[in-house]
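Here is the structure we will look at.
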2 protein chains.
Amino acid sequence: MRYRRGDIVERALGILDQHGLPDLSMRRIATELGLQPSALYHHFASKQELLAAVADELLDRGARAERDQEEWDTSVITLSHELRDAMLAYRDGAELVATVQAFGLGGRTPVTRLTAAVESAGFDAAFARAAAMTVLHFVFGHVSDEQTHRQANSAGAIDADPLVRADTASFDLGLSLILEGIRQRQPDSAKID
Amino acid sequence: MRYRRGDIVERALGILDQHGLPDLSMRRIATELGLQPSALYHHFASKQELLAAVADELLDRGARAERDQEEWDTSVITLSHELRDAMLAYRDGAELVATVQAFGLGGRTPVTRLTAAVESAGFDAAFARAAAMTVLHFVFGHVSDEQTHRQANSAGAIDADPLVRADTASFDLGLSLILEGIRQRQPDSAKID
DNA sequence: ACCTGAACACCGTTCAAGT
DNA sequence: ACCTGAACACCGTTCAAGT
């Protein structure tokens, strides 16, 4: 069989969701595709590069179309929830994204969109980027914790639904703290708009 | 030779700092101590447990003594900088702490101390914990980014000092956003104290 | 209590060679 | 362009046995 990058990423996402990040090895991906491990190196220079492509695809699948005419803070909230939902949609999704981030790889789409939302409130580019990174660090960290603790509790017979609701509440609370901090610095001229 | 847990953690910290997290293998630790790899399993049930002990030791070394009689926000700022400095003091320190966190392991000392600081401002325990986690996620994420980009730039002949200063400024900015968000929710009764 | 020796079941990556 | 086959240099973990 002959594959393209997209086919390999697709299969990797399947392994991730069904068996988790520890089982997402080059050899496992190759075997499931009926390939020799070395064949993957025709498509990706390294495992890190492959994982970055998988993480980007995972995040892309959670991204909705641009909705303009929104308040900047509504945009930030929406984008943050899209990121959270995208990572929660796949087993170990947050850990994968964190790993790719630690490599210094991964697409810049999330930070770009968050930065644009903050800039639309009238902030300069440097502040907007720092504020966007603060939101992003919170989102990645919170969702990572959520998935870690959900995995720990999935052994028992605990109903997951109340946990998800509690996680969502603390997610919204943490996010609102950062948003309020940003609002406090908003230039007066922009508040009128 | 006969070793105790502390000796093994000590040697692991040395390998981490000199060779980085990817080289921190059970076999490498054992070899450097003149042991068989299997000997380590007398002291630690798994590599994850060993890494958790290493991360806790790393964070402990950056912790100063309790200083009472401080404003709550000064305490949060000081604790955050101590955590940052502790992770920056060792190569791949932030990535190690993040890995241990993703296992659901690692000591609760940082979150406990941050929560106590926020509670001292008059907040209830649930809010204080959520606020402390928001700070913690920001600190871990920011320092992780710092170390990732510093490693990327250390190949070139760039002077690191201006970068460190810029990182510190954006760290302080992000932290101040969260603190301002917390202040906005402060109960009126507590503001007088 | 602490360690050895040997084994099991894996890894990521390279590279010449095939079609 | 895409893949095979074989090899290299590693992993974490288990377990009987030693002292």
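Before moving on, here are some points about what is shown:
- Applying the set (1) surrounded by 13 or more Cβ atoms within 10 Å (Cβ to Cβ); (2) away from DNA strand D (no atom under 14 Å from the Cβ) to A:I8 leaves exactly one unmet item: (2).
- Candidate set: region B:33-60, residues that are in a loop (DSSP other than H, G, I, E, B) and within 8 Å of DNA strand C (Cβ to nearest atom); chosen: the one nearest to B:T99 (Cα to Cα): B:H43
- Qualifying residue in region A:172-187 (condition: within 13 Å of another protein chain (Cβ to nearest Cβ), more than 17 Å from B:G181 (Cα to Cα) and in a helix (DSSP H, G or I)): no
- Here is the figure for region B:122-139: residues that are touching a residue at least 24 places away in the same chain (Cβ under 8 Å) and not hydrophobic (A, V, I, L, M, F, W, C) total 2.
Residue-wise test of (1) in contact (Cβ under 8 Å) with a residue 40 or more places away in the chain; (2) more than 13 Å from the chain's Cα centre (by Cα); (3) buried (at least 16 other Cβ atoms within 10 Å of the Cβ); (4) under 16 Å from B:D145 (Cβ atoms).
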residue	(1), (2), (3), (4)
A:T74	no, yes, no, no
A:L79	no, no, yes, no
A:R84	yes, no, yes, no
A:M87	yes, no, yes, no
A:T115	no, yes, yes, yes
A:S120	yes, yes, yes, no
A:H149	no, yes, no, no
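- Test: residue in region B:59-68 that is surrounded by 15 or more Cβ atoms within 10 Å (Cβ to Cβ) and within 30 Å of A:S154 (Cβ to Cβ): yes
- Restricting the first member to region B:31-47 and to residues that are surrounded by fewer than 13 Cβ atoms within 10 Å (Cβ to Cβ), and the second to residues that are outside any helix (DSSP H, G or I), the beta-carbon pairs closer than 6 Å and six or more apart or on different chains are B:G34/B:M1.
- The lone exception for B:G14 - which of (1) surrounded by fewer than 19 Cβ atoms within 10 Å (Cβ to Cβ); (2) small (G, A, S); (3) outside any loop (DSSP other than H, G, I, E, B); (4) touching a helix residue (DSSP H, G or I) at 6+ places or on another chain (Cβ under 7 Å) it fails: (4)
- Yes/no for A:A30 being part of a helix (DSSP H, G or I) and either more than 14 Å from chain B (Cβ to nearest Cβ) or within 13 Å of DNA strand D (Cβ to nearest atom) (or both): yes
- Breaking point among (1) within 16 Å of DNA strand D (Cβ to nearest atom); (2) of a type outside the set (A, V, I, L, M); (3) over 26 Å from A:D145 (Cα atoms), for B:D92: (3)
- Test: residue in region A:97-104 that is over 28 Å from B:N153 (Cα atoms) and not hydroxyl-bearing (S, T, Y): no
No lab work stands behind these numbers, since they all come straight from the coordinates. Remember, predicted model here, so these are calculated numbers, not experimental data. Neighbour counts are summed over all protein chains in view; Cβ atoms, including those assigned to glycine, are modelled from backbone coordinates with ideal geometry.
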